[in-house]
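Remarks on the structure that follows.
The values are calculated or read from the model by the stated rules, or taken from the named source; none is laboratory data. Since the structure is predicted, the reported quantities are computational estimates derived from the model, not experimental observations. With ideal geometry, Cβ positions are generated from the backbone for all residues, glycine too; neighbour counts draw on all protein chains shown. Heads up: the accessible areas ignore ligands, DNA and RNA and are worked out on the full protein's heavy atoms, side chains in. Shrake-Rupley method; radii C 1.70, N 1.55, O 1.52, S 1.80 Å.
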Amino acid sequence: AGLPLAFNTLAKTFLVGSDQTWRSSIIGRLGLKPFLDYVKYDKNKIVYSVSYGTTNPSATLAYPQYLNEMKRLVSKFDKISHREPEGCQITRQFYDKESVHCIDPVFLLDTEEYEKLIQDSVVELPKNDYLCFYTLTMPREKYQFVHNLSNMLNLDEIIIGNGLKNLHSKQKSIYYNENYVNPILAQD
């Protein structure tokens with residue numbers, strides 16, 4: 001609690017986002033921090049390209065004990081945007097707050113910026129055309145689809161894991177391709 005409160009003396013504007021910052025499992029782990037519960041009333045509060053991680057409105061209420069406090073906190077945001085249009089509908093339905101649909105921030109950078117990052121990569125890419133797939137979690141059936149698609153298109157494949165160490169062995173056993181890459185573990 002100490003450090004987040006100290007940020008109030010350092011900043012005038014607080015930004016949340018993007019990705020699944022308002023997903024119920026995140027709330028379960030972090031409480032109301034993603035709703036900036038520690039930010040003083042006179043500060044600017046913005047949510048950019050946030051996602052609930054679902055299109056099912058009732059799934060966003062996995063912690064109904066927080067609903068009234070979440071409504072209060074959401075009402076204090078100056079601007080809210082979602083990467084999915086369904087997020088705007090959920091925010092309007094549950095929090096009676098307007099928001100806008102926007103682009104995911106990964107699309108804000110110019111291609112050249114990503115090319116610079118690629119040059120610094122330690123991952124060896126195939127020499128031929130390839131299919132690259134990034135996954136947070138993926139059941140074996142979905143991986144099989146990606147694998148079959150790359151074979152059908154005659155492409156090499158690279159599967160990039162989500163970087164969570166606790167999922168690395170499980171993902172490695174599912175994605176039996178030698179081109180499975182876990183970017184965080186590759187640097188350990």
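Things worth noting here:
- Filter on 40/116; 12/71; 45/142; 12/97 - keep pairs with C-alpha separation over 29 Å: 40/116; 45/142
- Sorted on the mean count of surrounding Cβ atoms within 10 Å across their residues, most packed first, peptides 101-109, 23-31 read 23-31, 101-109.
- The stretch 25-99 versus the stretch 118-150: alpha-carbon centroid distance in Å: 33 Å
- Going by accessible surface with a 1.4 Å probe and the largest first, 38, 66 read 66, 38.
- Amide H partners (placed H, <5 Å) of residue 157, local residues excluded: 131
- Legend: P(r) of the stretch 46-147 from all alpha carbon pair distances, 5 Å bins from 0, whole percents, reading 2, 10, 14, 16, 14, 13, 11, 10, 7, 3, 1.
- Length released on extending from residue 40 to residue 106, taking residue separation times 0.36 nm less the Cα-Cα span: 20.8 nm
- Ordering 148-154, 91-97 by mean Cβ neighbour count within 10 Å, with the highest value first, yields 91-97, 148-154.
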